[in-house]
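One structure, as structure tokens, below. Some questions next.
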Amino acid sequence: MSRMPGPETSFAVIVCTRNRADSLARTLDALEDQSAGGFPVVVVDQSDLPDEGLAARSAANGGLRVIRDEGRGLSRARNIGWRATSEGWLVFVDDDCLVEPGWAAALGQQIRAHPEAEMVTGHVGARGGLSGEHLNVTVFPVVRPGWRRGRWTRPGALSFGVCFAVRRGAVESLGGWDERLGPGVPDFPAADDMDFNYRLLRAGGGAWLSPEPRAEHDQWRRPEDLPGLYRGYVAAWSGFSVKTFRGGDRLGGAWLWLYGVADVLHELKTAAEQRSCLRLRLTRAKLEGLVGGTRRALGRSW
């Protein structure tokens, strides 16, 4: 894993968005409220129509740049965003994520304190959620600080895509995000972050986790939305696993695919323990994602 020379600790925040004007406004409000300030924000907007409020905000805020993109896909948007910046660190914040007061100062401190890190991840909690189901989407609780590194570390132990910081040199070395994976890609609408994390680990990189930079992920989805969401998650995980296998890392690809199997079995166990009809529907959806995603991945050239 190549590293940038010197202690380059400046960072830019990149927010990728599509058709979520109200949610995006709350995300940008939270970023603007950071007392540390001093960091540029790039919004890559793939919305169907231009956001007039976003344009007005950009005109009034010299630290905010908006890039309109007619394409689709979160991985594509991330690649556009990081290539439009020059800072040593890239911080990706989802457009439904709210950073808490003091987040920027805490993140900067952690980056400076761990110059050997390729990635720094803070705590991401839930804002709202499903009462009684103990089910939150894409949260990343960090209770105590520590390292995540090593060839066989589960990629989901480093971060989820909702809020994380990564060294520019690492992104350049890995070639950014695979645009065949991630939201906006019909066959494999997730696992873009897992694929990136796995390649980072395989290249010898490591992530520092800290509970001090804190954010919340808005839990806006309804229960009826979740089976389709998780079907897509597991289908994309299967695609990422097959891609890894087909790319020559056969042991790694098989290991990753078996994690998908374990996820289905764990969901079934949880459904039985909680006597949850929703969890049972999620088990079926995940199994469908595993089978369908594997079939589609095996039928294409990576």
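Over the chain, what relative contact order in percent results from Cα pairs under 8 Å that are six or more residues apart?
Value for the chain: 19 percent.
Report the net charge of residues surrounding G102, where surrounding means a beta-carbon distance below 9 angstrom and charges are Lys +1, Arg +1, Asp -1, Glu -1.
So the environment of G102 carries a net charge of -1.
If you don't mind, another one. How long are the three semi-axes of the equivalent ellipsoid of the stretch 104-188, in whole Å, if each is the root of 5 times an eigenvalue of the C-alpha gyration tensor, listed from largest down?
Taking √(5λ) for each Cα gyration eigenvalue gives 24, 21, 13 Å.
Another question, then. How large is the translational diffusion coefficient of the chain in µm² per second when you combine the Kirkwood radius over alpha carbon pairs with Stokes-Einstein at 4 °C and 1.567 mPa s?
So the translational diffusion coefficient is about 66 µm²/s.
Sticking with this structure for a sec: Along each of the three principal axes of the Cα atoms of the stretch 1-120, give the extent in whole Å, ordering the values from largest to smallest.
In descending order, the Cα extents are 42, 30, 22 Å.
Also, I was wondering about something else. Take the Cα radius of gyration of the stretch 97-238 and divide it by 2.2 N^0.38 Å, with N its residue count; two decimals is plenty.
Against the empirical 2.2 N^0.38 Å value, I get 1.06 for the stretch 97-238.
Tell me the accessible surface of S35 in square angstrom (1.4 angstrom probe, heavy atoms of protein chains only), to the nearest ten.
110
I'd like the antiparallel share, as a percent to the nearest 5, of DSSP beta bridges with both residues in the chain.
Antiparallel: roughly 40 percent of the beta bridges in the chain.
Ok, one more. Could you provide, to the nearest whole Å², the per residue accessible area of the chain with probe 1.4 Å?
Accessible surface, normalised per residue, equals 45 Å².
If you find the alpha carbon centre of the stretch 234-284 and of the stretch 168-200, how far apart are they in angstrom?
Measuring centre to centre over Cα atoms gives 18 Å.
Now for a different question. Using a simple charge model, +1 on the beta-carbon of Lys and Arg, -1 on the beta-carbon of Asp and Glu, nothing else, what dipole does the stretch 1-132 show about its Cα centre, in debye to the nearest 20?
Dipole magnitude for the stretch 1-132 comes out near 280 debye.
Considering only G102, G247, G239, give the residue with the highest GNM mean-square fluctuation for the chain, with springs between Cα atoms whenever their separation is below 10 Å.
In this elastic network of the chain, the residue with the biggest mean-square fluctuation among G102, G247, G239 is G247.
Then there's this: So what is the calculated 222 nm ellipticity per residue for the chain, using -39500 (n - 2.57) for each DSSP H run with n of 4 or more, over all residues, to the nearest 500 deg cm²/dmol?
Theoretical 222 nm ellipticity from helices: -13500 deg cm²/dmol.
While we're on this one: If I histogram all Cα-Cα distances within the stretch 253-293 using bins 10 Å wide from 0, what percent of pairs lands in each bin?
In whole percents, the pair-distance histogram is 33, 49, 17, 1.
Taking the Cα centre of the chain as origin, work out the dipole magnitude from +1 charges on Lys and Arg Cβ and -1 charges on Asp and Glu Cβ, in debye rounded to 20.
In total the dipole reaches around 1260 debye.
Here's a follow-up. What part of the accessible area of the chain, given as a whole %, is carbon or sulfur when the probe is 1.4 angstrom?
Within the chain, the accessible surface is 53 percent carbon and sulfur.
Amide H neighbours of R68 under 5 Å, counting only residues 5+ apart in sequence or on other chains, H built in-plane at 1.01 Å?
Those lying under 5 Å, H to H, from R68 are D45.
When the solvent-accessible surface of protein heavy atoms is calculated with a 1.4 angstrom probe, in what order do K286, K269 fall, highest first?
K269, K286
Mind grabbing the accessible area of I67 for me, 1.4 Å probe, Å², rounded to tens?
For I67, solvent-accessible area is about 30 Å².
Right, next: Sort R222, R180 by accessible area with a 1.4 Å probe, largest first.
Of R222, R180, the descending order of accessible area is R222, R180.
What is the local net charge at A165, summed over the other residues whose Cβ is closer than 11 Å to its Cβ (Lys, Arg +1; Asp, Glu -1)?
Residues near A165 contribute 0 overall.
What does the charge count near E212 come to, summing +1 for each Lys or Arg and -1 for each Asp or Glu among other residues with Cβ under 13 Å from its Cβ?
+2
Hey, another quick one. With a 10 Å cut-off between alpha carbons and a GNM built on the chain, which of A30, A126, A55 moves the most?
Greatest mean-square fluctuation among the candidates belongs to A55.
What is the Å³ per residue value for the convex hull set by the Cα atoms of the stretch 178-302?
133
Here's a follow-up. Roughly what % of DSSP beta bridges within the stretch 91-222 run antiparallel, to the nearest 5?
65
Can I ask one more? Which listed residue (V139, L298, C97) has the Cα farthest towards the positive end of the charge dipole for the chain, taking +1 on Lys and Arg C-beta and -1 on Asp and Glu C-beta about the Cα centre?
Value computed over the given set: L298.
Report the per residue volume, in Å³, of the convex hull enclosing the C-alpha atoms of the stretch 81-120.
Dividing the Cα hull volume of the stretch 81-120 by its residues yields 84 Å³.
OK, next. Once the Cα gyration tensor of the stretch 25-89 is found, what semi-axes does its equivalent ellipsoid get, as square roots of 5 times the eigenvalues, in whole Å, sorted largest first?
Working through the eigenvalues yields semi-axes of 20, 16, 10 Å.
The values are calculated or read from the model by the stated rules, or taken from the named source; none is laboratory data. Since the structure is predicted, the reported quantities are computational estimates derived from the model, not experimental observations. No Cβ is skipped: glycine too gets one built from the backbone with ideal geometry, and neighbour counts run over all protein chains shown. Areas reflect the complete protein model, heavy atoms only, side chains present, ligands, DNA and RNA absent. Shrake-Rupley method; radii C 1.70, N 1.55, O 1.52, S 1.80 Å.
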